[in-house]
1. What number of residues within region 255-296 satisfy the criterion of being assigned to a strand (DSSP E or B) and touching a Leu at 6+ places or on another chain (Cβ under 6 Å)?
2. Name every residue in region 328-355 that is away from ligand 1 (no atom under 15 Å from the Cβ), touching a residue at least 60 places away in the same chain (Cβ under 8 Å) and in contact with a Gly (Cβ under 9 Å, 6 or more places away or on another chain), in order of residue number.
3. Residue by residue through region 451-466, note down the ones that are surrounded by 14 or more Cβ atoms within 10 Å (Cβ to Cβ) and either in a strand (DSSP E or B) or modelled with pLDDT of 95 or more (or both).
4. Output the number of residues of region 272-281 satisfying the condition of being touching a residue at least 40 places away in the same chain (Cβ under 8 Å) and either β-branched (V, I, T) or surrounded by fewer than 13 Cβ atoms within 10 Å (Cβ to Cβ) (or both).
5. Would you tally the residues in region 450-475 being within 16 Å of ligand 2 (Cβ to nearest atom) and in contact with a helix residue (DSSP H, G or I) (Cβ under 6 Å, 6 or more places away or on another chain)?
6. Being of a type in the set (G, A, S) and either within 22 Å of H376 (Cβ to Cβ) or near ligand 1 (Cβ under 9 Å from one of its atoms) (or both) is the filter here; which residues of region 276-327 pass it?
7. Quick check, is G302 at positive phi, surrounded by fewer than 20 Cβ atoms within 10 Å (Cβ to Cβ) and of a type in the set (G, A, S)?
8. Could you go through region 508-517 and let me know if any residue there is surrounded by fewer than 21 Cβ atoms within 10 Å (Cβ to Cβ), over 24 Å from Y463 (Cβ atoms) and β-branched (V, I, T).
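The values are calculated or read from the model by the stated rules, or taken from the named source; none is laboratory data. None of these values were measured; they are calculated from a predicted model. Reconstructed Cβ throughout: ideal geometry from the backbone, glycine too, with neighbour counts over all protein chains shown. Accessible surface is based on the protein model in full, side chains and every heavy atom, while ligands, DNA and RNA are left aside. Shrake-Rupley method; radii C 1.70, N 1.55, O 1.52, S 1.80 Å.
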Amino acid sequence: MKPVDILETSIEYLKGVGPARAAVLKKELGIFTFNNLLHHFPFRYVDRSKFYKISEINSDALYVQLKGKIIHFQKIGKPRSERLIAILQDDTGETELVWFKGIKWIIDKIILNDEYIVFGKPAIFNNKYNFPHPEIEAVSSENIDLGEQLQPFYPSTEKLKAKGLDSKGLSKIMRNLLVQAKGFIPETLSVPILDRMRFIPREEAMISVHFPPDEDILDKARIRLKFEELFFIQIRLLKLKLLRTEKIKGHKFSIVGSFLNNFYKNNLPFELTNAQKKVIREIRADIGSGKQMNRLLQGDVGSGKTLVALMSMLIALDNGFQACLMAPTEILASQHFNTISRMVEGLGVQVDLLTGSTKAKQRRELHKLLQSGELHILIGTHALIEENVRFGNLGLVVIDEQHRFGVEQRAKLWKKNVIPPHVLVMTATPIPRTLAMTLYGDLDISVIDELPPGRKTIKTVHYFDKDRLKVFGFLKKQIATGRQVYFVYPLINESEKLDLKFLMDGFEGITREFPLPDYAVSMVHGQLHVKDKDFEMQRFIKGETQIMVATTVIEVGVDIPNASVMVIENAERFGLSQLHQLRGRVGRGADQSYCILMTGYKLTGEARQRLQTMVRTTDGFEIAEVDLKLRGPGDLQGTQQSGILDLKIADIIKDEKILKVSRDIASGLLSEDPHLELAKNLPVLKQLHFLNKNKPNWSLIS
Ligand code: ADP
Ligand code: MG
């Protein structure tokens, strides 16, 4: 076997593994090769050289190691729910050890008044510390390994444990792996980077991260491995960007013609904000450069992204191209259609709408106009990316509320023209900088960081259900001044029927409290026919109804400036970014707006934090940061499918500094040596090939 291949050996051939364990390792942890196992890192280390006294136990300690005698033990409880309690004593006191399972085995092992080393995590029970399911070993026992100071703890699963691969079992096979792989773990960073960052060699880092001789070396090993992980993500993203700018030509939109000029002179209903102006300049520079634009436009809800999209589309039209705008829901698509049709009135711009519910006859007509180029702007849902929708000359694609679209869907749009159209992706989900750098590292980013003038900050309050009457009273006053109100109910997902009942009950209560003829209430939910949905929306938009009762279908993008109160029922069931999106439906006009979060009394700590955050701030970026901290990046919308955040050792929040350095170094390296042709960069090139071979899908991200 060639030395370099050792790490690619199938895991079943590792000493101590074999086919049965290999099958579970593959299934449970995705470990197929030696190399995969090498990257299964400990999540914690415990100093096994240190012993605690029983009197020193406190709740801060995660794991402690004690030495003492077991002076008493006893089975208690009924046969099926029995437990074993043993009393451990040292010269400072006594504590309880408890087992619920494997009792017989422990009883056989214990000899009263012999010395044991006990290792476990203290819990509090009846105001006292105890140790549920500790490890115990007789002091005389040969098999305690005190050679290592820091014992690694590996993530494992029930199924792995059943095959003897608990943390200890994993640690054993890891040792076998390192014995076999020693000398064959290749360096992946160039010498200049190693020197500059004062990194230890990769092999040493790998060995030390699994079996650290001391804290100091462990730190060095971890930093080096985190850097490496983030560095290669950046190299790949930046290479992707490079490829695009070098190889892929884009349409050159060099002129500003009558569409945009006339719009600007005659139709623009307000002054652009400075942020809008800045972003339009950035977009113009991109699309005028002859390279293909791939730009992410971030802007908080209500910051006026639609207008930016429209003006960009008009530039495409001025240059003889068509444009399309894709939205995630029919409601939003038809709203965009209405807004944009209104805004371009009198300019001779042909706009049409295509959604899942467009009739076949209409569709045929539309296809014709689209291919002949007579239709200028097509707005729609993902119906736009269907195979049979063909443009005569598509120049610009705008995707609104990007997180609802998968990477593949985006890729399909690219193929709608020989020269790929420019792509503008708009999102209101603020993404923390670190995440954006990783998730969208290959896109250029523009930010609208300013709201249109005259907006008042939305007042947000949290009420308990028992305050409902007070809330209703407040709503009546608001409605009396001409304002409109949303009531939003969560989708609980367990059963659509139940969700609907929940909504219906709410609707009934509200119509009872707000009866005809003084009040009219609209209702919209996912199971309504599109026609009915539209009808109800239109009634609300026209002001024929004062109250809109809805599920989260209302969440994205809907813009009705006169609606100034958002009541969110069961607000504890919503995630932070969803709450922020919902709140963004109000505060769009000049009136003072309100967001009322309704909950019961029973709240988890995390739910409470979410509510407090909402009450405290309306800053989307701050909310995104809290969200990231509460949930971790894996849960953020849109991150899962990308696969980028499948990080083994780095942490996108905690390792922000390392991430920045890795990006700087990666971009420095590529600007000196874009194709990694220099001899010194050979290790980087090799690792890149290796990664691309193992994760080809990754390069789909665009
Ligand atoms: P979002 O960024 O959430 O998509 P919209 O594009 O829906 O925001 O804009 C929100 C509201 O602000 C709309 O009613 C829009 O007409 C209005 N608006 C946009 N730009 C400006 C501006 N420069 N001045 C005043 N109002 C604006
Ligand atoms: Mg919008």
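1. Of region 255-296, the ones assigned to a strand (DSSP E or B) are 291, 294-296.
With touching a Leu at 6+ places or on another chain (Cβ under 6 Å) added as a condition, the list becomes 294-296.
Here the count works out to 3.
2. E330, T355 - these are the residues of region 328-355 that are away from ligand 1 (no atom under 15 Å from the Cβ), touching a residue at least 60 places away in the same chain (Cβ under 8 Å) and in contact with a Gly (Cβ under 9 Å, 6 or more places away or on another chain).
3. Of the residues in region 451-466, the ones surrounded by 14 or more Cβ atoms within 10 Å (Cβ to Cβ) are 451-452, 455, 458-463.
Within region 451-466, K459, T460, V461, H462, Y463 qualify.
4. 3
5. Start the filter on region 450-475 by keeping residues that are within 16 Å of ligand 2 (Cβ to nearest atom), which leaves 450-452, 455.
Retained after the next criterion (residues that are in contact with a helix residue (DSSP H, G or I) (Cβ under 6 Å, 6 or more places away or on another chain)): 450.
Result for region 450-475: 1.
6. Filtering region 276-327 down to residues of a type in the set (G, A, S) leaves 285, 288-290, 299, 302-304, 309, 312, 316, 320, 323, 327.
Result: G288, G299, G302, S303, G304, A309, S312, A316, G320, A323, A327.
7. Working: at positive phi: yes; surrounded by fewer than 20 Cβ atoms within 10 Å (Cβ to Cβ): no; of a type in the set (G, A, S): yes.
In short, no.
8. no
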